[in-house]
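Handing you this structure, nothing more for now.
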Amino acid sequence: MEQKRQKSVKGFSKLSKEDKINWIANNFFQNPTLVQKELMSFWHPNAKQQKILDGFSENTLSNFVMPYGVAPNFLINGHTYCVPMVIEESSVVAAASSAAKFWSTRGGFKTEIIGTTKIGQVHFSWEGNYETLKAVFPKLKEKLIEDTLHITANMRKRGGGILDIELLNMTHLEPNYYQLKASFETCDSMGANFINSNLELFGKTLTHFFQNSSLFKGKEQEVNVIMAILSNYTPDCLVRATVECPIEQLGNFEGMDSKMFARKFNTAVNIARIDPYRATTHNKGIFNGIDAVVLATANDFRAIESCGHAYASRDGQYRSLSQCLVEHGVFKFWIDIPLAVGTVGGLTRLHPMANRSLELLGNPSATELMSIMASVGLAQNFAALKSLVTTGIQKGHMKMHLLNILNHMEASEAETKQAVIFFEKEAVSFSSVRDYIATLRNNNQISTLKN
Ligand code: MEV
């Protein structure tokens with residue numbers, strides 16, 4: 001008989017982890033004991049480590065495990081990196097590795113840090129004359145910087161801090177709406193906490209400044225701070241990664257000569273610059289690589305993605321993040337991408353695996369990590385387009401898909417070998433692989449019985 005289920009709960013966050021698991025298991029699953037065991041089976045064997053992981057979020061029951069792999073042989077600015085990647089999609093790490101190897105014999109990836117500036121905003125409304133506001137702004141700016149000196153002290157010692165604060169008049173878009181737009185240098189940290197702490201204090205200073213200034217009277221003394229928060233759009237925290245070689249050094253691909261390959265590849269990139277439908281998939285392929293490194297280093301992949309997509313639309317149309325030029329016998333392929341990442345602060349050093357990822361990369365600075373991520377994104381894009389304009393991607397994808405299904409069916413090494421040969425010419429689907437393995441096992445049983 002169907003169990004009576006209690007789907008809502010009071011005080012859940014106050015329950016112990018075991019009680020939370022029991023409540024979930026008993027109220028949402030057919031087999032509570034199995035679910036309890038399964039959730040607990042993913043706990044870290046070291047209770048201290050598990051406590052660290054639990055501390056990153058709320059109502060934690062267990063850990064969600066993802067594959068942690070590496071793409072070796074990334075030659076970037078003359079250094080060879082073995083890049084950690086956390087991703088659940090087959091073929092991504094293999095594609096990154098193969099593109100890394102390909103370019104390692106053609107000069108590798110070269111990167112340039114175009115900027116490292118980050119942005120934060122205080123949005124406020126004020127009913128008064130803009131000219132008066134403009135006139136007092138230099139004084140206000142001084143006060144904003146002075147009041148945050150205790151917050152910025154350490155960052156200033158490291159060479160960072162507040163770079164500038166601008167006053168923006170936005171009243172043509174929204175009545176009485178103004179903005180303090182501040183720019184920051186946050187050195188090796190992503191800087192979200194640093195920026196937000198400064199901005200919240202800016203908001204307080206702003207309010208007091210108007211209340212206490214003799215220049216303002218009545219309504220003009222009231223500033224209404226709407227919100228103070230960093231912007232994840234960081235077009236000036238930008239890196240360029242490039243690969244290039246003489247066209248003939250590209251070699252032949254699946255019977256296609258290097259000239260034809262370069263031409264087709266270039267057209268494929270141009271299509272992604274022209275057509276947003278293609279651009280979205282094209283950029284998704286780039287983020288396959290970038291997100292995997294962002295995750296492996298416990299950076300904020302939502303921030304990186306939203307910024308990247310906003311940047312891809314900066315001229316009003318969503319376009320490819322990468323560009324290609326085939327000119328004077330040279331194939332050049334590059335990406336410009338904003339990457340506000342950190343190698344200190346946040347979870348980067350608290351998450352035990354992220355800490356190891358950074359060690360694996362030689363404990364890079366934030367700008368070095370930007371270079372690595374941009375190169376991996378470009379490599380991923382190169383690998384995807386190389387497949388798309390030559391064999392198509394299904395060949396490689398289906399092989400990985402087949403291996404995943406075989407794994408799920410607990411196929412032996414011998415069964416896997418036979419299946420890989422068989423499915424070179426057959427379409428891979430869950431049912432076709434299941435039927436093939438069943439037939440194989442059946443035949444084996446019959447021949448064992450006969451012997
Ligand atoms: C699949 O995850 C990514 C690709 O679709 C990217 C692309 O089409 O460029 C292969």
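Search the stretch 376-399 for residues being assigned to a helix (DSSP H, G or I) and exposed (fewer than 15 other Cβ atoms within 10 Å of the Cβ), and hand back the single one that is farthest from the ligand (Cβ to nearest atom).
Once the filter is applied, the top-ranked residue is 395.
Considering only residues that are farther than 22 Å from residue 282 by Cα, crowded, with 16+ Cβ neighbours inside 10 Å and among the polar types (S, T, N, Q), look in the stretch 61-93 and name the one that is farthest from the ligand (Cβ to nearest atom).
Within the stretch 61-93, the match that is farthest from the ligand (Cβ to nearest atom) is 62.
A further question follows. Name the residue that is surrounded by the fewest Cβ atoms within 10 Å (Cβ to Cβ), counting only residues in the stretch 163-209 that are more than 29 Å from the chain's Cα centre (by Cα) and among the hydroxyl-bearing types (Ser, Thr, Tyr).
Taking the stretch 163-209 and keeping what is more than 29 Å from the chain's Cα centre (by Cα), we get 166-178, 201-209.
Subset that is among the hydroxyl-bearing types (Ser, Thr, Tyr): 171, 177-178, 205, 207.
Values: 171: 13, 177: 17, 178: 22, 205: 18, 207: 16.
Checking each candidate, the answer is 171.
Please go through (1) without any contact (Cβ under 8 Å) to a residue 12 or more places away in the chain; (2) within 16 Å of the ligand (Cβ to nearest atom); (3) closer than 25 Å to residue 117 by Cβ for residue 337 and return the number of the only condition it doesn't satisfy.
Residue 337 satisfies every listed condition except (1).
Within the stretch 130-214, which helices (runs of 4 or more DSSP H) (wholly inside it) include 2 or more residues that are polar (S, T, N, Q)?
Details: elements: 130-147, 149-157, 192-212.
It comes to 149-157, 192-212.
If you check 402, 347, 358, which single one turns out to be in the same structural domain as residue 243 (by TED's automatic domain parsing) and in contact with a Phe, Trp or Tyr (Cβ under 7 Å, 6 or more places away or on another chain)?
347
Condition (residue is modelled with pLDDT of 95 or more and within 29 Å of residue 90 (Cβ to Cβ)) applied to the stretch 344-352: is it met by at least one residue?
no
Determine whether residue 311 is within 16 Å of the ligand (Cβ to nearest atom) and either over 27 Å from residue 193 (Cα atoms) or not in a strand (DSSP E or B) (or both).
no
Something else now. If you go through the stretch 229-287 one residue at a time, how many are within 14 Å of the ligand (Cβ to nearest atom) and either assigned to a loop (DSSP other than H, G, I, E, B) or among the basic types (Lys, Arg) (or both)?
5
For the stretch 295-308, name all the residues that are touching a residue at least 40 places away in the same chain (Cβ under 8 Å) and within 16 Å of the ligand (Cβ to nearest atom).
Passing the criteria: only 295.
The values are calculated or read from the model by the stated rules, or taken from the named source; none is laboratory data. In this text the structure is predicted, and so the values were computed from the model without any measurement. A quick note on method: Cβ atoms are made from the backbone with ideal geometry, for glycine too, and the neighbour counts reach across all protein chains shown.
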